Every structure is written in structure tokens, then in C-alpha cells.
Ligand code: ATP
Ligand code: MG
């Protein structure tokens, strides 16, 4: 029969890989705890309307990349293409605004779906870690969110990354900017891709983020958002930079970053690696002061980022990070004969209950083959049980590292291994 394969652009996480994920997840959780962030889990599916309004209907994500379908009740449903919109919806719906501000909320390993051309670092299902801090306008909050990402990379042993920051201003700055941008682009209207022609009137800044080669060429000399900031936005951005300086974080001022989602206002940033190929953005985010109100909540400011787990692992691997090994097997029971096998089985269950990793033979191997298997598993100790051991009520525990043997009574095994 023909074998069924995983859908294009998706990846299994095999046991050899999942231990890397566990290590990263634990590091993330511990770090979030230190920053006072708490986990908020949201569904994989949301109403399509959420992303139309949240992410924006002129973005690449909404126009080209969403997995959208009608469910059996005729509702338009979309698989999460990013993390923030769902977090904000859940923040409002669960009335988290009633809790003390700021609220620092994180998500971990969130499956994220985008219909993109699969290639290195670009999948149709990927996973994101992210944080959203709601309620504060302070530049310290932008800097804190950025520093959480940088600290995470440091803890995970990733070095060759650079932080790029920019400000794209508030709606007030955007009005002036859009006018200047449209004036610049109007000479190129005929040469732009069809999608961008449609964006020209509705949302010209989106054209800056277009991936079409010709559009990229055109926007090279376009006006930059950073030159159109109002006084408040300029002051805020200066504040963010001062906080990063105070914390000793290095950054590159990068006026080309506008981000591909409509909800951003003010600070935007990306953490980029130049060692994992063309898809070098590992983490990206910024401030979004209008989204909560846009999605039906109060006027509340927020700032956050999303980080791609697969790209993070790729960067860690090129950095030669050594991941912790699987937990070791403490003891293997080799048994010879029916009664001894039964006893080995019972002893193993007892030890496991006490939190000691233990194993026995499931495969009806010969006595000799059981020891070979124990070796393969890397057991720290082996115990051999035959009729004789049952009779005297004690076994020899062999330490595999030095070959030494210790006589231990059967009813004392649990105590022995717990020590
Ligand atoms: P890119 O410019 O590479 O398309 P993006 O700006 O679309 O990235 P974001 O929406 O900012 O990406 O998503 C946050 C992070 O999620 C990215 O920095 C990246 O690490 C990861 N990511 C985004 N799209 C994919 C994908 N298709 N496959 C794997 N990881 C992805
Ligand atoms: Mg993208």
C-alpha cells in the first residue's frame, strides 16, 4: 500500500529532536517566571475576522498565507497565522484588564500556520514562543520585552545575533509618512506588483514589506518612517534606546524594518542571524497601542514579540550548542526463568513509582542478550535475578562504570537506588 506522508511544509519532531525542544521550553518558562510573565494558552483556530481586523487585510499574511476554511456550521475559521491577535482576543474575553497592570503574558510552542513556499527556515506549520506585555506606555517596557529575548538567547548559548530596531510611529506620524510615501511611489505605480497596486491607496506602508523583487527595488529609496516621527514618538524611541544602552544591549538602528503586520505602532524590532540562510529573522516584534481597542477592548497599549522555535533551534545548532542528554537509565534488571522475570517486572514497577528509572526485558531475550541490551541503553547499574537470588532474597547490584558489585536485599532495593 502507498505510504502516506506528512503534508508539505510540516515536520515531525522525533525523539532525538524533542529533547532539544524540552530544554528550550524549560529555559523559556524559567525566564518568563523571572520576568513575571504568566502563560496564556489560546486555541489553534480563531474566527477569520480576528485576523482580518487584527493583522490587517492588506498584509501578506492575510492576503496570501492563511489557512482558512468553513466549518460544518458555515463559520469562517482560520488556523492561527501568528500569536498576538489571539492573545489580545483572549485578554479581552477573559477580562484580564481587571488585573494589575502591566499584564505580562506569554505563549509557548504555539502552532502557527502560513501557506508559504516551504524552504530552509520556512514551513507551513511552525511554532512560536512569544510575550505580550499589556498596559504600559513606558519605553522601559519596550526595552524589557526586547531584553527578555536577548537574555533568552544568551542563556541558550546563542551569540552571533544582532538586534535591529526602528520606530514606525503612531497614526499621527503615519498620516504624514503615508502622504510622503505615496508621492514617492506614484511615479512607480505601473511597475509594482498587482497586490501592491491595491495597497497604494489603502495602506501604502505595506508596499515597503513586499517580497516581490521589483517592489523591493522600487522601495529602496522610499521615505523612511523614522524621518516622520512626531515629538512624542521620537521621545519614546529615544527612551527605548536609552534603556537598551543602560542595560548594555547592543543594537543596530535599521530604518528598513516596518514589519509585516498592521497592528504595530512605534517601536519595531527584529533579532537576526546571518548564519541560517535567507530566513534570518529569529524573533520579531514591537509596540501595538491600537490593537486592543481595535479588537473591542479598552484603549490599552502593549508591546510584544514572536519567536520561531524552528529557527531558534537552527541558530543554536550553527552555534554548536550542546543540548542536554536524555535522562539516564539508572538500573536494568536481567532475569532468567519465569519466576525471576515476574519478580524483575514487579521490582521495576516499584522503583519507577519511587521515581527511579528502571527497565526489564520485554522481548524474551536470552539472559546474555539482556545484558547487551542494558549496555545499549546505557544503564548505570544492572541487577541479575535467577532462582538463586529469589531463594536468598538478595541480589548483586553491578555498577557498570567500575564493575564493582554490591549485595543488596530485595526489600532494600528501593532505598538503595533512591540514595
Ligand atoms: P519572514 O520575514 O521570515 O517571513 P515574518 O516577518 O513573516 O518572517 P513574523 O510574523 O514576525 O515573521 O513571525 C515571528 C517569527 O516566526 C519569525 O521571526 C520567524 O522566526 C518565525 N517564522 C515566521 N514565519 C515562519 C515560517 N513560515 N516558518 C518558520 N518560522 C517562521
Ligand atoms: Mg513572513
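Just so you know, all these numbers are worked out from the coordinates, no wet-lab data involved. Model, not experiment: these values are computed from the prediction. Here the Cβ is made from the backbone with ideal geometry for all residues, glycine too, and neighbour counts use every protein chain on show.
Projected label points at residue 33 and residue 274, each 7 Å from Cα along the beta carbon direction, are separated by 3.8 nanometres. Determine, from the Cβ-Cβ distance of residue 95 and residue 71 and an R0 of 35 Å, the FRET efficiency 1/(1 + (r/R0)^6), rounded to the nearest 0.05. Once the sixth-power term is evaluated, E becomes 0.85.
For the chain, what is the mean residue ellipticity at 222 nm derived from helices alone (per DSSP H run of n ≥ 4: -39500 (n - 2.57); sum divided by total residues; nearest 500 deg cm²/dmol)? Don't skip to the answer; put the middle values down first.
On the way: 14 runs with 154 residues, N = 419.
It comes out at -11000 deg cm²/dmol, rounded to the nearest 500.
Suppose a student asked you for the relative contact order of the chain, using Cα pairs under 8 Å spaced at least 6 residues apart; what percent would you report? Taking the mean separation of contacting Cα pairs over the length of the chain, I get 16 percent. Across 256, 142, 364, mean-square fluctuation computed from a Gaussian network of the chain (C-alpha pairs under 10 Å connected) peaks at 364.
Here's the picture: a label point sits 7 Å out from the Cα of residue 416 along the beta-carbon direction, and within the stretch 366-400 the residues with their amide nitrogen under 17 Å of it are 379-400.
Can you bin the stretch 1-109 into rounded, prolate or oblate? Criterion: square roots of the alpha carbon gyration tensor eigenvalues sorted a ≥ b ≥ c, rounded for a/c under 1.5, prolate for a/b above b/c, oblate for the rest. Walk me through the intermediate numbers first.
Working: a/c = 2.31, a/b = 1.09, b/c = 2.11.
Oblate.
If you take the Cα centroid of the stretch 237-313 and the Cα centroid of the stretch 72-121, the two points sit 17 Å apart. The stretch 332-381 and the stretch 196-231 have Cα centres separated by 66 Å.
Is the shape of the stretch 331-418 best called rounded, prolate or oblate, per the rule: a/c under 1.5 gives rounded, else a/b larger than b/c gives prolate, else oblate, with a ≥ b ≥ c the square roots of the Cα gyration tensor eigenvalues? All intermediate terms of the calculation are to be shown ahead of the outcome.
On the way: a/c = 1.22, a/b = 1.05, b/c = 1.16.
Rounded.
Computed extension length for residue 184-residue 19: 54.3 nm, one decimal, from 0.36 nm per residue of separation with the Cα-Cα distance subtracted. Between residue 245 and residue 405, the FRET efficiency estimated from the beta carbon spacing at R0 = 51 angstrom works out to 0.25. Both radii come from the Cα set of the stretch 171-226: Rg as radius of gyration, Rh as Kirkwood radius; their ratio Rg/Rh reads 0.92. Here the spin labels are modelled as points 7 Å beyond Cα on the Cα-Cβ line, and at residue 227 and residue 197 they lie 2.8 nm apart.
Under the rule a/c < 1.5 gives rounded, and otherwise a/b versus b/c splits prolate from oblate, where does the stretch 238-324 land using the Cα gyration tensor? Spell out each step's value before the answer.
On the way: a/c = 2.16, a/b = 1.62, b/c = 1.34.
Prolate, since a/c reaches 1.5 and a/b exceeds b/c.
Please work out the Cα center distance from the stretch 7-49 to the stretch 151-190, rounded to the nearest Å. Between the Cα centres of the stretch 7-49 and the stretch 151-190 lies a distance of 27 Å.
Structure remark: mean-square fluctuation, Gaussian network model of the chain, C-alpha springs under 10 Å; the largest value among 308, 296, 355 belongs to 355.
Just checking the listed ones, 337, 54, 187: in the Gaussian network model of the chain with Cα springs under 10 Å, the one fluctuating most is 337. Annotation for residue 151 and residue 138: the two label points, set 7 Å from Cα along the Cα-Cβ direction, are 1.4 nm apart. Which FRET efficiency, nearest 0.05, do residue 63 and residue 330 yield, Cβ-Cβ r, R0 60 Å? About 0.60, to the nearest 0.05. When every Cα-Cα distance of the chain is counted in 20 angstrom steps from zero, the calculated P(r) takes the values 22, 43, 22, 11, 1 percent.
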